[in-house]
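The values are calculated or read from the model by the stated rules, or taken from the named source; none is laboratory data. Computed from a predicted model, the values in this text were never measured in an experiment. For neighbour counting, all protein chains shown are included, and Cβ atoms are generated from backbone atoms with ideal geometry for every residue, glycine included. When the accessible area is computed, the model is the full protein with side chains, heavy atoms only, and any ligands, DNA or RNA have been set aside. Shrake-Rupley method; radii C 1.70, N 1.55, O 1.52, S 1.80 Å.
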Amino acid sequence: MKILHLYYTSTGNTRKVAETIDNTLQDAGHQVDSVKVDKNTQADINVLDYDMVFAGSGVYEWLPGKSMQELFGRLRRQHAENGDIKPASPKRPGKSAVIYCTYGGVHTGINEAIPAVKYMGQLFDHLGFTILAEWYVPGQYVPEKMQKFSEAGRMGDIRGRPDASDLNEVAEKTKGILQV
Ligand SMILES: Cc1cc2nc3c(=O)[nH]c(=O)nc-3n(C[C@H](O)[C@H](O)[C@H](O)COP(=O)(O)O)c2cc1C
């Protein structure tokens, strides 16, 4: 099985989740092409070359990071031009995706993270991948000036998240996905 992992991290929280996923996949004997997306990431990645894709990002203004949005925009255009995105998006048997985010949710909790996950998932849904799971992992606000957001928002005290327990849950869910 060919596995691609695209993730964007600005303050390091999503990197912890991404590394946990990669390590779990590797421990289970899978090779994974893992790409830490930044503004220089080119759209020469062909997601259709892969059987399973993991895609994740921190949440910024309810959406994935800018570099991730730009990459997904380029990939969508490229696949649309190639005719890979068909009316009704027929399923491509054997192709699946897991979409995840880390988020702070200070104002409205998980509701401000849902658009980010739905945004990323749409590329794969359009291409006919089956979305196997959507994971939402709390991630503290790292910048010093945003500390109060980590202490007293809709999510309560999320300082130190994602913590060992969050990452253990991610590892267990990754093992679960491999059983599908
Ligand atoms: C500038 C900034 C804006 C953010 N905006 C949101 C937001 O709109 N909604 C949300 O749920 N979390 C928001 N967060 C919290 C981040 O999504 C959270 O800390 C996430 O884990 C960051 O991931 P990263 O460290 O991988 O970049 C914001 C954090 C920062 C620093």
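Going through the range 9-45 one residue at a time, which ones are surrounded by fewer than 17 Cβ atoms within 10 Å (Cβ to Cβ), modelled with pLDDT under 95 and away from the ligand (no atom under 16 Å from the Cβ)?
Hits for the range 9-45 are 40, 42, 43, 44.
Given the conditions (1) more than 20 Å from residue 34 (Cα to Cα); (2) among the β-branched types (Val, Ile, Thr); (3) open to solvent by 20 Å² or more (accessible area, probe 1.4 Å); (4) modelled with pLDDT of 95 or more, and given that residue 131 satisfies all but one, which numbered condition is not satisfied?
Just one mismatch for residue 131, condition (1).
Quick check on my filter: what residues within the range 101-131 are within 19 Å of residue 22 (Cβ to Cβ) and within 11 Å of the ligand (Cβ to nearest atom)?
Of everything in the range 101-131, those that are within 19 Å of residue 22 (Cβ to Cβ) and within 11 Å of the ligand (Cβ to nearest atom) turn out to be 101, 102.
Only one of these is closer than 17 Å to residue 68 by Cβ and surrounded by 15 or more Cβ atoms within 10 Å (Cβ to Cβ): 106, 117. Name it.
Checking each option against the conditions leaves just 117.
Select from the range 132-165 the residues that are under 30 Å from residue 47 (Cβ atoms), near the ligand (Cβ under 8 Å from one of its atoms) and without any contact (Cβ under 8 Å) to a residue 60 or more places away in the chain and list them in ascending order.
If the condition is that a residue be under 30 Å from residue 47 (Cβ atoms), near the ligand (Cβ under 8 Å from one of its atoms) and without any contact (Cβ under 8 Å) to a residue 60 or more places away in the chain, then 138 is the only one that fits.
Out of all the residues in the range 77-99, is one or more small (Gly, Ala, Ser), at pLDDT 95 or above and within 16 Å of the ligand (Cβ to nearest atom)?
Checked the range 77-99: no residue is small (Gly, Ala, Ser), at pLDDT 95 or above and within 16 Å of the ligand (Cβ to nearest atom).
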